[in-house]
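Notes follow once the structure below has been shown.
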Amino acid sequence: MRIARSMSDLYEEHAKLTSKYVHACSNGHEAIQVAAGSLLKKQDWLSCYYRDDSMLLSMGLTPEELMLQLFAKRDDPFSGGRTYYSHPSLNRDDLAKIPHQSSATGMQAIPAAGVAMGIQHREKLGLDTHEKGEAPVVMCSIGDAAITEGEVSEALYMSALKKLPIVWLIQDNEWDISAHAREIRFGDAATMAAGFPPIEVRQVDGTDLPACMALMEEVFDTVRNERRPFLIHATVPLLGHHTSGVRREFYRDDLEEAQLRDPIPRIEKHLQDSNILDSSQITLLKAEIDAEVNEAFDRARNAEEPVFEDLLAHRFAPTEITEEKGTREPEGGEITLMVDCALHAMQEIMSKHPESLLYGQDVGKRLGGVFREAAKLGEKFGEDRVFNTPIQEAFIVGSTLGMSCTGLRPIVEVQFADYLWPGLNQLFSELSKSYFLSNGQWPVHSLIRVPVGAYGSGGPYHSSSMESVLSNIRGIKVVYPSNGADLKGLLKAAYYDPNPVIMLEHKGLYWSKVPGTEAAKCIEPSEDYVVPLGKARIVTHATEETSCTLITYGRGVYWALESAKQFPGAVEIVDLRTIVPVDFETISESVKRTNRCIVLTEEPESNTFAQALTGRIAKECFEYLDAAPDLIGSEDLPAIPLNENMEKAYLPNAEKVAKRIGKLLDY
Ligand SMILES: Cc1ncc(C[n+]2csc(CCOP(=O)(O)OP(=O)(O)O)c2C)c(N)n1
Ligand SMILES: [Mg+2]
């Protein structure tokens, strides 16, 4: 406690220097944090928030390690200078593990519950065994205002539903930033947790170190043995600034009163009253700590800065699958629907890898997915590996981060692309940034399957495309197969890829029911067949002198094939197969051969991935082009109407595409 206070005093003394990068400190919260942190063993997991510096010190990190992050230095052990003070990511064998977490308040709750769910599944599947009383615990620490975030409720709910081995620690200082508890909440964290009865709730004066230690020891011990969730509501005063930028004197009117609850004089008095230390020993100890902290401060301040090469490291974790391998069309292979190619790929993955799991809405054994895309997987692999979740897209997406940290390989489904939106925050704030911001410590193996696209009057909320939004989330890969063979090969490659991968699967192609999409069903490739992410496929080669390249993906491949029939030998169709990373090499080689191109997408044209790609081709292939690259997409409208004729009119079709090909070839 004294070390943390000495550090924050020093930061305040050197405010000009230390507030170059924003930071927050634990003044007033030290006792509960020290009690919690000191119980974390190396098998445990911590998910904390920006005010937890005392917790980090008490779990075994040094002041210098923390200060290297304060100054965003190259040797910052958490992020290599990429993220703020007290935003730890740690994957070391000697200390509790800390997955990456963002600065978004409360958003660490779902990944933390995901870790606990991973631990639970590993125990159920027999992948881990523990000595009695040594089983791992996940602790997730959150501020009192942050728990009102909706995603926290999803996480609490799942921890209650599944009885996960997690300790929720709520540090209640009654302040949001400047909004006070009186304005923004009724009751407190304990009131809220009462709505989740399987969570046992405890309350403690978070300034009373012996009381905090006793409670924490009891709770940790129970969770290690009984494997069930707890929530601890600790009341604390906020003594320091909200952050170095938002200073207490701007708005606080309760500082004098808060000061009376300072946990440090309280523990000093306790030490003296109990004859553990006398006042001169305390003074001496404080002087020693101050000297140590000062030295650490100087070392951290003068440490090396990151260099340019550091900036570009850890964009994506390297994958082993870089070549197409296996047999795409095995002899005697059967023509198989696209949806079944995926199902068979899942079966093969799950048979081979006990660490793989499938979860989402309705994927469990009763239905096996609303498209029957997971049919029989529940029966085959059991409910510890294939299971239904509540309707919680944020949890479905965000929990994969935690599951992946435990060594499991989650495959999840979001029922329709239109319902990925509630999960987008986790994808953007947590999954996509984990590998980069943890300086390579926490890649996220997460495969998210999403049925997408319009056909057969799916209507406005079951038909949307969303690859452009996804392609804007840097740090994830986006795959979009157009046929069963590619779906199988890409699904395998995506499973082995140590990055978050979104697999967009067009519902209209699943059964090849839509006229013109028969080729989506094809001979099923061999079990070892893989298609590397980021490699396009040339579907038809142009042989005519005057020709064009038609770049597309998903459903677009079939509009392209149909329209190209009117121009034999003149259209080279490139099926991208992967949106991110895009195979620009294949695109530009083709465009350089044909000198004309069209990009075709199911999305409305404006502000899309396809439009950006058209611009890139115009720029990078300019000298080879005989005409401006064209772009074809859907009508620029907020939704896809239900009515069959309106849906048809909204989408591109072979006729519309053929007209534009004709125009381009005539140019
Ligand atoms: C999603 C999100 N919204 C808003 C913010 C801005 N913000 C940062 S800290 C904070 C207050 C959080 O208060 P609390 O959870 O009680 O923690 P305390 O700082 O009091 O310890 C807010 C609103 C944020 N970081 N993330
Ligand atoms: Mg607060």
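Taking residues in the range 236-250 that are within 15 Å of residue 143 (Cα to Cα) and more than 8 Å from ligand 1 (Cβ to nearest atom), and partners anywhere that are of a type in the set (Val, Ile, Thr) and not in a loop (DSSP other than H, G, I, E, B), the pairs with Cβ atoms closer than 9 Å and at least 6 places apart or on different chains are 236/32. Listed by position, the helices (runs of 4 or more DSSP H) contained in the range 330-434 that have at least 1 residues being under 24 Å from residue 525 (Cα atoms), aliphatic (A, V, I, L, M) and outside the structural domain of residue 108 (by TED's automatic domain parsing) are 338-352, 377-381.
Counting only residues that are of a type in the set (Lys, Arg) and either closer than 17 Å to residue 477 by Cα or at pLDDT below 95 (or both), the range 311-329 holds 1 of them.
Within the range 435-465, being in a loop (DSSP other than H, G, I, E, B) and of a type in the set (A, V, I, L, M, F, W, C) holds for 442, 444, 454.
Listed here are the residues, each with its yes/no results for (1) more than 28 Å from residue 96 (Cα to Cα); (2) of a type in the set (A, V, I, L, M, F, W, C); (3) part of a strand (DSSP E or B).
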residue: 152; (1), (2), (3): no, yes, no
residue: 156; (1), (2), (3): no, yes, no
residue: 164; (1), (2), (3): no, yes, no
residue: 207; (1), (2), (3): no, no, no
residue: 218; (1), (2), (3): no, no, no
residue: 233; (1), (2), (3): no, no, yes
residue: 253; (1), (2), (3): yes, no, no
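Here residue 468 fulfils each of the conditions (1) surrounded by fewer than 24 Cβ atoms within 10 Å (Cβ to Cβ); (2) assigned to a loop (DSSP other than H, G, I, E, B); (3) not aliphatic (A, V, I, L, M) apart from (2).
Can you name the residue in the range 131-178 that is farther than 20 Å from residue 217 by Cβ and among the polar types (S, T, N, Q) and is also nearest to ligand 1 (Cβ to nearest atom) among such residues? Among them, the one singled out is 173.
The set of residues in the range 189-202 that are more than 29 Å from the chain's Cα centre (by Cα) and either within 23 Å of residue 50 (Cβ to Cβ) or within 16 Å of ligand 2 (Cβ to nearest atom) (or both) contains only 191.
Remark: pairs (first residue in the range 514-540, on the phi > 0 side of the Ramachandran plot; second residue surrounded by fewer than 22 Cβ atoms within 10 Å (Cβ to Cβ) and part of a loop (DSSP other than H, G, I, E, B); Cβ separation under 8 Å; 6+ apart in sequence or on different chains) = 534/581; 534/582; 534/583. For the range 572-586, filtering for residues that are part of a loop (DSSP other than H, G, I, E, B), surrounded by 24 or more Cβ atoms within 10 Å (Cβ to Cβ) and of a type in the set (A, V, I, L, M, F, W, C) leaves 1. The residue list 205, 176, 144 contains one member that is among the charged types (D, E, K, R), touching a residue at least 24 places away in the same chain (Cβ under 8 Å) and in contact with an Asp or Glu (Cβ under 6 Å, 6 or more places away or on another chain), which is 144. Restricting 149, 183, 154, 131 to those that are acidic (Asp, Glu), assigned by TED's automatic domain parsing to the domain that holds residue 58, within 23 Å of residue 110 (Cα to Cα) and surrounded by fewer than 22 Cβ atoms within 10 Å (Cβ to Cβ) reduces the list to 149. Looking only at the range 41-62, residues that are surrounded by 22 or more Cβ atoms within 10 Å (Cβ to Cβ) and in contact with a helix residue (DSSP H, G or I) (Cβ under 8 Å, 6 or more places away or on another chain) come to 12 in all. Selection of the range 636-655 for residues being in contact with a helix residue (DSSP H, G or I) (Cβ under 8 Å, 6 or more places away or on another chain) and within 19 Å of residue 551 (Cα to Cα) yields 652, 653, 654, 655.
The values are calculated or read from the model by the stated rules, or taken from the named source; none is laboratory data. All figures in this text were calculated on a predicted structure; none of them were measured in a lab. Note that we place each Cβ from the backbone using ideal geometry, even for glycine, and neighbour counts take in every protein chain shown.
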